[in-house]
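For reference, the structure discussed in these notes is given below.
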Amino acid sequence: MENRGQSFSVLNCIDLSSPDIHKSVSLLKQACLDSGFFYVINHGISQEFMDEVFAQSKMFFTLPLSEKMKHLRNEKHRGYTPVLDEVLDPENQVNGDYKEGYYIGVEVPENDPKSEKPFYGPNVWPTADRLPGWRQTMEKFHQEALEVAKAVARIIALALDLERDFFDKPEMLGEPIATLRLLHYEGQISDPLKGIYGAGAHSDYGLITLLATDDVLGLQICKDKDARPQTWEYVAPLKGAFIVNLGDMLERWSNCIFKSTLHRVLVHGPERYSIAYFVEPSHDCLVECLPTCKSDKNPPKFPPVKCGTYLTQRYKDTHADLNLYTEHQARKNLP
C-alpha cells in the first residue's frame, strides 16, 4: 500500500454569500492558476437537504445488485454504472474503477426533438414503491446545484476578464449538459503500486465540477500533471462545502491559462460516498479560445470544437461497451 503520507493540499475557500466580489475573484483566480481546485461555501443549499441527498443515494446503493442492474446505464449515460465499468487511467489501472455510480442528466421527454441529442433524454428512475421520494430529491438537487454552478461560472468569467454573465448565454449554461452522478466506493483497498484505485487518475471533461463528499478521506490531486514522479496531495472533506474543480473544456477555452487538474480516489477501508455534478455548455456551443486568453505571443493552442462532439468521444473512451452487459446476461440465461 502506498504511504498515505497525510500530505494535504491547502485550497482557497470562496464564500458565495460574500458581498466582496473582488476578493472572491482574486481568490478564485489564484486557485485556478495554482491547483484548479477550491472550496465553495455558503452556496445556498441547506445542510439538511444535502444530508437527505446522501441518505437517498445510500438507499439506492444498498439495494441488491440484481435490482441495481435493472437500472443499468443506457446509451444516453443515464442510470447505474457497476463496479469496474469505468477505466479512467488505462495506463496504470489493472482493472476499472472500484466504484459504482448513478447518472442523472437533464430530463428531456422522449417526444421532445432535443432528446435525439446525446446526453439529453429521459432519465432512468427507480420505481416510487421501491424508493419513495428518490426521484423528487434528485431532481431538486439537480436544479439547485445548477444555480450554484452558474454563480461559480460568473466569478470565473470575471477572473478571465470577461463579462460577468458570459457563461449565462443560452448556448452555454442557458441549456447546459448538466449531469449529477452519485458515487459509492467500497471494498477493494486501493494500492497504486498494484494499479488498484477507487477512481483512476483523470481530469474532468467539461467546464466545472461540483463535488460534495462525506467525511471519509479519499480524494487526491496532482497540481503538476507533467511532473515525474507525480506528487499527490489529499483534499480534506469540508462539511457543507462543495469542492470545485475545473474541467478540460475550460482549459481549452482559456488557452491553458486555467488548467484542469489531475485527480484520483484511493479507498482505505471505510466505504465512501460522494456526489459529483458535472457542468458543461450546450451541445452546439463552439468551444474556441476566449478573446481575453489569446495574443500574438500566445495564439490559440486548440482548434474550435463543438461541446457535444467532444464529450461524446471522452465518454466513449472511458466507459465499457454496453454490449458487454447484454452478452454477459445472454450467457447467464443459457440453459
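Yes/no matrix, rows are residues, columns are (1) in a loop (DSSP other than H, G, I, E, B); (2) open to solvent by less than 30 Å² (accessible area, probe 1.4 Å); (3) over 18 Å from D89 (Cβ atoms):
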residue: T209; (1), (2), (3): no, yes, no
residue: I221; (1), (2), (3): no, yes, no
residue: T231; (1), (2), (3): yes, no, no
residue: K239; (1), (2), (3): yes, no, yes
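Checking each residue in region 292-316 for being free of Cβ contacts under 8 Å to residues at least 60 places away in the same chain, under 15 Å from S254 (Cβ atoms) and not hydrophobic (A, V, I, L, M, F, W, C) picks out K294, S295, N298, P299, P300, K301, P304.
Among the residues of region 272-285, those that are modelled with pLDDT under 95 and either more than 18 Å from C32 (Cβ to Cβ) or not in a strand (DSSP E or B) (or both) comprise P281, S282, H283, D284, C285. Which residues, counting only those in region 262-295, are of a type in the set (S, T, N, Q), farther than 24 Å from D168 by Cα and under 21 Å from the mean Cα position of the chain (by Cα)? S274 - this is the single residue of region 262-295 that is of a type in the set (S, T, N, Q), farther than 24 Å from D168 by Cα and under 21 Å from the mean Cα position of the chain (by Cα).
Evaluate region 152-167: report whether one residue or more is without any contact (Cβ under 8 Å) to a residue 24 or more places away in the chain and open to solvent by less than 20 Å² (accessible area, probe 1.4 Å). Scanning region 152-167, I find at least one residue that is without any contact (Cβ under 8 Å) to a residue 24 or more places away in the chain and open to solvent by less than 20 Å² (accessible area, probe 1.4 Å), so the answer is yes. With respect to (1) surrounded by fewer than 15 Cβ atoms within 10 Å (Cβ to Cβ); (2) assigned to a helix (DSSP H, G or I); (3) touching a residue at least 12 places away in the same chain (Cβ under 8 Å), the lone exception for G44 is condition (2).
For the subset of region 88-113 comprising residues that are without any contact (Cβ under 8 Å) to a residue 40 or more places away in the chain and either within 13 Å of R73 (Cβ to Cβ) or not in a loop (DSSP other than H, G, I, E, B) (or both), which member is farthest from the chain's Cα centre (by Cα)? Filtering region 88-113 for residues that are without any contact (Cβ under 8 Å) to a residue 40 or more places away in the chain and either within 13 Å of R73 (Cβ to Cβ) or not in a loop (DSSP other than H, G, I, E, B) (or both), the one farthest from the chain's Cα centre (by Cα) comes out as P113. Filter region 86-130 for residues that are among the hydrophobic types (A, V, I, L, M, F, W, C) and surrounded by fewer than 16 Cβ atoms within 10 Å (Cβ to Cβ); which is modelled with the highest pLDDT? Only one residue fits best here, namely A128.
Checking each residue in region 57-87 for being aliphatic (A, V, I, L, M) and in a helix (DSSP H, G or I) picks out M59, L65, M69. For region 9-32, indicate whether the set of residues that are under 30 Å from L324 (Cα atoms), part of a helix (DSSP H, G or I) and open to solvent by less than 20 Å² (accessible area, probe 1.4 Å) is non-empty. For region 9-32, residues under 30 Å from L324 (Cα atoms), part of a helix (DSSP H, G or I) and open to solvent by less than 20 Å² (accessible area, probe 1.4 Å): absent.
Within region 293-315, the residues that satisfy the criterion of being in contact with an Asp or Glu (Cβ under 9 Å, 6 or more places away or on another chain) and open to solvent by 60 Å² or more (accessible area, probe 1.4 Å) are P300, F302, P303, P304, K306. Quick check on region 191-205. Is at least one of its residues without any contact (Cβ under 8 Å) to a residue 60 or more places away in the chain, of a type in the set (D, E) and under 30 Å from I155 (Cα atoms)? For region 191-205, residues without any contact (Cβ under 8 Å) to a residue 60 or more places away in the chain, of a type in the set (D, E) and under 30 Å from I155 (Cα atoms): absent. Within the set F278, F258, the sole residue that is open to solvent by 10 Å² or more (accessible area, probe 1.4 Å) and aromatic (F, W, Y) turns out to be F278.
The values are calculated or read from the model by the stated rules, or taken from the named source; none is laboratory data. Small disclaimer: the values here were computed from a predicted structure and weren't measured. Cβ atoms come from the backbone with ideal geometry, glycine included; neighbour counts cover every protein chain shown. Ligands, DNA and RNA are excluded from the accessible area calculation, which covers all protein heavy atoms including side chains. Shrake-Rupley method; radii C 1.70, N 1.55, O 1.52, S 1.80 Å.
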